[in-house]
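Take a look at this one; I'll ask things after.
The values are calculated or read from the model by the stated rules, or taken from the named source; none is laboratory data. Just so it is clear, the structure is predicted and the values come from calculations on it, not from any experiment. So basically every Cβ, Gly included, is an ideal-geometry build from the backbone, and we count neighbours across all protein chains shown. When the accessible area is computed, the model is the full protein with side chains, heavy atoms only, and any ligands, DNA or RNA have been set aside. Shrake-Rupley method; radii C 1.70, N 1.55, O 1.52, S 1.80 Å.
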Amino acid sequence: MSSMKIRVSVEQDQEHLAHHDVFPLHTSHYSLAKVKMDEFFLRWLALPHTAELVKTIIEDIKMGKSVQTPHSPNFSSKQFAATSFTASPPSPPSKPRSPTASLQSISHFAFASGERPPKSPTRSPETSPSHLNRFASSSSKPTADDGVIPRFYFPDRLDAPAKQEMQQVSEFFSASPKGLTVETFGPIVQRLCGLPSFFATPLFKRIDSANSGLITQEMFLRFWRSEIQGKSTHQRFFNVLKRPQNSWIEPDDFRPYLKALLEIHPGFQFLGAYGTYHERYTDVVIYRIFYVVDRDDDGRITMRELRKSNLVETFLRIQDDEINNVRDYFSYEHFYVLYCKFFELDGDQDFVITKEEFQRHDSHSLNKRAVERIFSNVPRRLRAKEKDTMVFEDFVWYLLSEEGKMSDRAIEYWFKVVDLDGDGVIKAVEMQYFYEEQVHRLECLNHEAVSFPDIICQLNDMVHPEVEGEFRLDELKKRRHQAGTFFNVLLNLNKFVNYEQRDPFALKQEMAQNPDWSDWDRYANVEYQRLVMEEENTEDSEEIRFDEMDSVDPWGHSGSTFISEAPF
């Protein structure tokens, strides 16, 4: 209420001055000045000491005390009585101001023809009201109490950490005045740049573009200032991996660094004589990285996507940890499972499998209608050039989605498969389309099939959709622990039967053994043990199999023959 009265008094005073022609009035200039004065007035009201001042005045008025007003040489006592508490407050200057002027001289400049109104000057102590002087700052420098944030960014000034880093750079190069070699470059990459130690060789080649074999301090500082200095670990990682002309990371950008990892990590020494598997392992690591990090699936990793992932932390961990302990991206056991599973289906070993070969996976457990959706490029565009074929990358994406249905990527993958009309909602008619084949296959195996209405009730109880019988992507992600069962009931016969016959106590015990493992981690661990055992048994029985060569079926059948068609 007090601020409203003060505002009215300002307007009355301005009308009085205009009516008596104290100075020439130009309407356009007056409007600009009024807006500026209103702006400063509102800023003044928002200051903490202003609230205390107004509160003090109101309390004095309530107690019947007279409010004293100072005399001003520019106003009569009658005029100033209306404006003594409406004067513009001190505005924290961004740079030094000239000596202040009286309100009359300010008005003259504000309304003079052809000139822009200046910033509101600070009122001199002689003409300031006594209440304002009580809370005025004794220092001319702006402080946080004045509502001004002191300057904190000095682009040309190095902070303490930056100075320390520059000193470390000088120390590194002082021991090698002529420059660092690739052998002596490793410590500066790990300790100073904060990057994995195996980045040394490819990063050395990038800085030493002339292939001189040495990196001088000048060369390194040029790279340091443009890509490393003052940046976070994620930004440094991003800048080092990507090509200079790009603002994203591409799959091939990882290859020189993964190659360096294979060469120096002790966990890969056994692969020294198997150069072919170096390339396959690199491919799988890149596929897995983009499966998780590249949310748009456009073959590019942006800085935003990198920050949301654990990729940088995993790269820093892999340099010092056992290779199979790092389950994300780098586990050799996971690579072994993915490669062997694909190799089992690829009969001619051309790294391309047909639709018929794909259907043999996991004893034909996947619904044929789901297979048709996958080979129709619905969940993801297949990278194979020929129709109804799948390359290794496509199979890696499928198997990661099939055995790790709790991840966002897997839920999105299978949601697209079931959502026939692509409207973002899985409805009962779409679920029935896939469940019909499940019922037919169960009947062929003499299993009792659950009716579809009962299945819908069970799925509603698991997911709790907003509308019963209609399931949306975000609802399945919220219930990700039930999402795998939801899709298995509709699409995977073996997993559906296993779910109906599950032992909850055994499942709980398995979860308790490795609570931080994902479904994919558990699957890969079991399959790796099985594959290794099969390989050992094969080696032990190799001599026996040679002795039995004469008794091979003349039609070319063997004990490991795959079933070419489903048994129903």
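Which of the lysines could a cross-linker bridge to K62, judged by Cα under 20 Å and excluding same-chain residues fewer than eight apart?
Once the sequence-local lysines are set aside, what remains near K62 is K5.
Now for a separate question. Straight-line reach from K231: which lysines fall under 18 Å, measuring Cα to Cα and dropping same-chain residues less than 8 apart?
The reachable lysines, counting only those whose Cα sits under 18 Å from K231, are K163, K242, K308.
Another question, then. So what's the net charge close to Y528: Lys and Arg +1, Asp and Glu -1, counting the other residues with Cβ under 13 Å from its Cβ?
Numbers: positive: R327, K341, R522, R530; negative: E333, E403, D521, E527, E534, E535, E536.
Value of the local net charge: -3.
In segment 433-477, carbon and sulfur make up what percent of the accessible area (probe 1.4 Å)? Show your work: numbers first, answer last.
On the way: 1210 of 2540 Å².
Using a 1.4 Å probe with all protein chains present, segment 433-477 comes out at 47 percent carbon and sulfur.
May I ask which residue of Y413, Y433, T389 lies farthest towards the positive end of the charge dipole of segment 371-435, with charges of +1 (Lys, Arg) and -1 (Asp, Glu) on Cβ and the Cα centre as origin?
The residue sitting most towards the positive pole is T389.
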